[in-house]
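The values are calculated or read from the model by the stated rules, or taken from the named source; none is laboratory data. Predicted model only: the values in this text are computed from it and were never measured. Using ideal geometry, Cβ is built from the backbone for each residue, glycine included, and neighbour counts are taken over all protein chains shown.
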Amino acid sequence: MTDRERIEALLSRRKPDRVPIWPFAPQGFAVIYNNLSLAEAYTNPEACYQALRKTCRDFGWVFFPTVGYAAMGAWEFGGEVRMPSGEYDQAPMVTRCPVAKDEDIYNLKWPGPDSGFYPTARKLGELARQERLDNEPFNAALGAGGGFSLACNIVGLDRFLKWLIKKPDLAHYLIRELSDWSLAGLDKQSEKLGTDGVLCLSGGATSSNYLISPQQFAEFVLPSLKEGQEKLRALGYKTTYTHICGEHNANLPYWSQIDFGDPGIIGVGHEIKLETAARYFPDDIILGNLEPAIVQTGTPDEVYEATRKVVEEGKELPGGFIFSPGCDLPPRSPVENVRAMTKAVNDFGRYA
Amino acid sequence: MATEERKQELIKGLYDSVVNMDEDTARELSQAVLDEGIDAYEAVTQGLTVAMDRVGELYANFEYFVPQLLLCADALYAGLQVLRPHVRLGERGAARQIVIGTVEGDIHDIGKNLVKIMFEAAGWIVHDLGRDVQLQRFVEEQKRTQSEVVALSALMTTSMMAMPRVIEMIKAENPAVAIMVGGAPLSRDIARSYGADGYADNAGEAVREAVRMLDELKNK
């Protein structure tokens with residue numbers, strides 16, 4: 001089977017020949033593997049696209065050409081970011097949030113097509129739509145991440161988290177505004193892209209229980225995530241890949257109330273056990289969840305062994321399983337570790 | 001001069017104001033402490049510090065989360081701002097000192113700030129270098145302040161790679177410094193492999209870990 005066939009089999013609730021490998025956010029690793037600078041993952045769409053394409057082919061991974069970063073929104077709404085340039089940088093970092101004063105949220109400058117990162121993402125998207133390879137189940141992305149993460153990024157995390165308690169009306173107002181803007185964007189994007197080859201994306205790092213309580217998740221995060229998914233289903237999109245980033249165990253009862261498709265693809269970090277994820281999402285495909293740090297800091301033997309454990313636990317999950325690190329594939333992972341990870345999936349991920 | 005009963009009432013009020021995230025009350029009661037001639041040091045240590053210990057417990061037990069912690073810290077700082085200038089020098093002995101910062105390449109500082117709050121609440125002098133801190137700055141600041149502890153924070157797998165290097169740089173200058181690390185991608189094993197003396201999984205554990213490291217280094 002090709003990787004595209006493997007993913008299509010899982011989406012049709014059939015078993016593939018082996019567990020597919022679909023690393024989450026591999027763009028940083030891909031550019032470095034191709035002797036480019038890390039910044040080029042975010043500034044040079046042509047180079048990033050080719051690097052992703054070659055890397056996925058070399059390692060035998062699912063190719064899903066898209067690029068983004070966790071702090072998206074700040075730049076697009078008029079703030080400033082710094083592209084990764086130093087030895088220890090990983091992704092664009094927000095250096096100034098667009099909302100300086102509380103009242104700024106009533107006068108948001110809505111992003112246009114050329115705001116912030118959009119031109120780069122659009123260019124990469126155009127390149128992706130020009131071909132569809134046999135390891136490429138989808139060649140376009142449609143984001144529906146809800147208003148909460150966006151609000152954190154444009155207000156600033158510390159400040160917005162305080163609003164949840166001290167100024168909940170302000171927080172609700174902003175989330176509502178951003179959700180409406182985001183939902184309107186889905187209509188436009190859907191008209192342009194259609195449904196064929198389009199994968200919807202969702203997720204949330206800032207809504208993890210590292211930061212907020214499950215009650216706060218239910219009040220401030222869940223409603224707009226739900227709305228986004230309902231809209232996508234109404235527009236005819238059958239599946240969403242959602243990245244449940246970090247420690248979300250106490251939020252899972254709420255996540256599981258959302259319809260991520262038939263089936264959805266649920267990516268979890270190493271903080272959530274695969275069997276726990278499968279208990280909450282028994283009909284969905286679970287994706288995950290090797291601890292990313294081990295790919296960077298472990299020896300090849302350690303990476304191989306840790307991957308084996310993940311694959312052996314995941315491969316028999318009832319809704320299907322895709323292997324990935326639990327979050328971004330660390331950009332500076334040693335190549336021999338990435339090879340060991342890949343080899344372990346291939347060695348232990350076969351179905352009889 | 002306030003009665004013992006009034007003193008305890010104010011200290012309890014300060015404690016409650018921090019635990020209940022009430023910045024205005026913390027400020028008002030701190031002023032009352034001064035106005036009524038109550039010892040500022042006692043108000044800080046028995047009211048504010050004990051309250052932040054309780055907040056740390058609530059956080060560790062998943063009853064409080066970061067929004068609550070940040071607001072408790074606002075109340076703490078409101079009280080400290082009033083009381084600290086009136087804590088008589090020498091009263092509490094030589095305060096322990098810590099240099100803290102998020103390492104180069106990383107601007108995520110919420111975890112670092114929470115750890116800083118806990119150290120300040122515990123009476124340490126905190127030299128906060130901020131975020132995206134050039135590695136040499138940690139070496140220089142430790143040397144300048146002669147701090148016994150350096151705490152390094154990182155959220156990203158790339159920025160945590162700066163940690164072994166900066167630990168080596170600090171230890172080369174002063175092997176007696178206790179260095180602790182923390183941040184989402186780290187673990188105790190990784191901390192050990194980087195040459196760190198300590199690791200804290202969350203802000204509530206950080207002060208205890210620092211004290212443990214110092215005891216351990218002293219007994220070496």
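Key figures for this structure:
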quantity: Segment A:277-294: number of residues that are touching a strand residue (DSSP E or B) at 6+ places or on another chain (Cβ under 6 Å), under 17 Å from A:ALA344 (Cα atoms) and either within 13 Å of chain B (Cβ to nearest Cβ) or without any contact (Cβ under 8 Å) to a residue 60 or more places away in the chain (or both); calculated: 4
quantity: Set A:GLY60, A:GLY86, A:GLY73: member being out of contact with any Leu (no Cβ under 7 Å at 6 or more places or on another chain) and either closer than 13 Å to A:PRO23 by Cβ or more than 14 Å from chain B (Cβ to nearest Cβ) (or both); calculated: A:GLY60
quantity: Sole exception among (1) buried (at least 20 other Cβ atoms within 10 Å of the Cβ); (2) within 14 Å of another protein chain (Cβ to nearest Cβ); (3) at pLDDT 95 or above for B:ASN20, by number; calculated: (1)
quantity: A:GLU80 vs. criteria among the acidic types (Asp, Glu) and either more than 14 Å from every other protein chain (Cβ to nearest Cβ) or in contact with a helix residue (DSSP H, G or I) (Cβ under 6 Å, 6 or more places away or on another chain) (or both); calculated: no
quantity: Tally of residues being touching a helix residue (DSSP H, G or I) at 6+ places or on another chain (Cβ under 9 Å) and either among the small types (Gly, Ala, Ser) or within 14 Å of chain B (Cβ to nearest Cβ) (or both) across segment A:1-55; calculated: 16
quantity: Residue tally, condition within 23 Å of the chain's Cα centre (by Cα), within 14 Å of another protein chain (Cβ to nearest Cβ) and part of a helix (DSSP H, G or I), over segment A:154-174; calculated: 5
quantity: Evaluation of A:GLU247 against (1) among the charged types (D, E, K, R); (2) under 17 Å from A:GLY204 (Cα atoms); (3) crowded, with 23+ Cβ neighbours inside 10 Å (one fails), failing number; calculated: (3)
quantity: Set B:ARG131, B:ARG137: member being in contact with a His (Cβ under 9 Å, 6 or more places away or on another chain), outside the structural domain of B:LEU80 (by TED's automatic domain parsing) and among the basic types (Lys, Arg); calculated: B:ARG131
quantity: The listed residue being in contact (Cβ under 8 Å) with a residue 24 or more places away in the chain, aliphatic (A, V, I, L, M) and more than 12 Å from every other protein chain (Cβ to nearest Cβ), out of A:ALA100, A:ALA91, A:ALA151; calculated: A:ALA151
quantity: Residue in segment A:103-141 that is farthest from the other protein chains (Cβ to nearest Cβ), counting only those that are among the polar types (S, T, N, Q) and in contact (Cβ under 8 Å) with a residue 24 or more places away in the chain; calculated: A:ASN139
quantity: Residue list for segment B:136-154, restricted to those being within 14 Å of chain A (Cβ to nearest Cβ) and either under 13 Å from the mean Cα position of the chain (by Cα) or surrounded by 21 or more Cβ atoms within 10 Å (Cβ to Cβ) (or both); calculated: B:PHE138, B:LEU152, B:SER153, B:ALA154
quantity: Cross-chain or 6+ apart pairs with Cβ under 6 Å, segment A:192-219 first and within 11 Å of chain B (Cβ to nearest Cβ), then surrounded by fewer than 17 Cβ atoms within 10 Å (Cβ to Cβ) and of a type in the set (A, V, I, L, M, F, W, C); calculated: A:ASN209/A:ALA250; A:PRO214/A:ALA250
quantity: Members of segment B:41-59 that are farther than 14 Å from B:ASP16 by Cα and within 13 Å of chain A (Cβ to nearest Cβ); calculated: B:TYR59
quantity: Selection status of B:ILE117, within 23 Å of B:VAL133 (Cα to Cα) and either among the basic types (Lys, Arg) or buried (at least 22 other Cβ atoms within 10 Å of the Cβ) (or both); calculated: yes
